[in-house]
Amino acid sequence: DYSGSSCRAHKCILTDILYDASGNLKRPAARNNLPFRDINTGISEMCSMLSPNDRFRYLGWFSCMSLSTDQSFNQLFEQCKEQLNYIWKIKCNRKEIITFMSIKSIAQICYRMRYSNTSQTAIEVIQVLYNKLLKSKGSLIKGFPNFLMYSHKNRAGLQWPNIWDAVSTDRIVNWMKHSHATLEEQKIVSAAFMRSEELQESNKPCMQCKTVR
């Protein structure tokens, strides 16, 4: 029995880190413990127990108790594989694939990666899978340059989304939302300018270039 916000039992988490005689992690013997009574219905339910690597959903994002396992990436990878398998089976052209990726896939990926600490190396694994799909079903010649895939159409590119850039931008935008009352925005904008200078072909910093582009 408790007072305050009404919370369902399956939204509550108990974790129990247990080791056997050899020092190896083992799963809890009991899968349920600690009953919670719903203050609205009066019905009691058992709270589920989790081992360190078990996946749970927290405010729409997936995680686990152990820092050694990235359950956010595992969940995203499973969803992307299912989506890729579907696209491989249907008949579609290059434009339809790019549109689908730009509108739906990128939004889902950004949502899953928004508050995770998934690295660029892990995200690039998913990028390779989508690149293979585009090159094969989009009838691109072998060795088609990646920078032309990601470039804007005005620069003879395909405007194929770069997943890491999209995730990084989404994280920065949400970070600015959370820290709007502080001076973090100046640091973030400075970092964005530095990244732009590293990506541009000119050796002059973008803020010092006097050429009208």
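Here are the numbers for the structure shown:
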item: Scan of the stretch 75-88 for residues that are surrounded by fewer than 16 Cβ atoms within 10 Å (Cβ to Cβ) and either in contact with a strand residue (DSSP E or B) (Cβ under 9 Å, 6 or more places away or on another chain) or not aromatic (Phe, Trp, Tyr) (or both), ordered by number; result: Glu78, Gln79, Lys81, Glu82, Asn85
item: Some residue of the stretch 159-169 being aromatic (Phe, Trp, Tyr) and over 17 Å from Cys110 (Cα atoms); result: no
item: Residues of the stretch 76-117 classified as in contact (Cβ under 8 Å) with a residue 12 or more places away in the chain and within 12 Å of the chain's Cα centre (by Cα), total; result: 16
item: Residue that is surrounded by the most Cβ atoms within 10 Å (Cβ to Cβ), among those in the stretch 163-188 that are at pLDDT 80 or above and either of a type in the set (A, V, I, L, M) or more than 18 Å from Ser116 (Cβ to Cβ) (or both); result: Ile163
item: Test set (1) at pLDDT below 85; (2) surrounded by 11 or more Cβ atoms within 10 Å (Cβ to Cβ); (3) assigned to a helix (DSSP H, G or I) - Asn154 fails condition number; result: (2)
item: Any pair with Cβ under 8 angstrom, 6 or more apart, that starts in the stretch 118-130 at a residue that is closer than 19 Å to Tyr86 by Cβ and ends at one that is open to solvent by 10 Å² or more (accessible area, probe 1.4 Å) and outside any helix (DSSP H, G or I); result: Gln127/Asn162
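Rundown of residues vs (1) modelled with pLDDT under 80; (2) out of contact with any strand residue (DSSP E or B) (no Cβ under 7 Å at 6 or more places or on another chain); (3) surrounded by fewer than 14 Cβ atoms within 10 Å (Cβ to Cβ), yes/no style:
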position	(1), (2), (3)
Ala9	yes, no, no
Leu14	yes, no, no
Gly23	yes, yes, yes
Lys26	yes, no, yes
Asn33	yes, no, yes
Arg37	yes, no, yes
Met49	yes, no, no
Leu67	yes, yes, yes
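The values are calculated or read from the model by the stated rules, or taken from the named source; none is laboratory data. Predicted model, so just to flag it, every value in this text is computed and none were measured. Positions of Cβ are generated from backbone atoms using ideal geometry, with glycine treated the same way; all protein chains shown enter the neighbour counts. Protein only, heavy atoms only, side chains kept; ligands, DNA and RNA dropped before computing areas. Shrake-Rupley method; radii C 1.70, N 1.55, O 1.52, S 1.80 Å.
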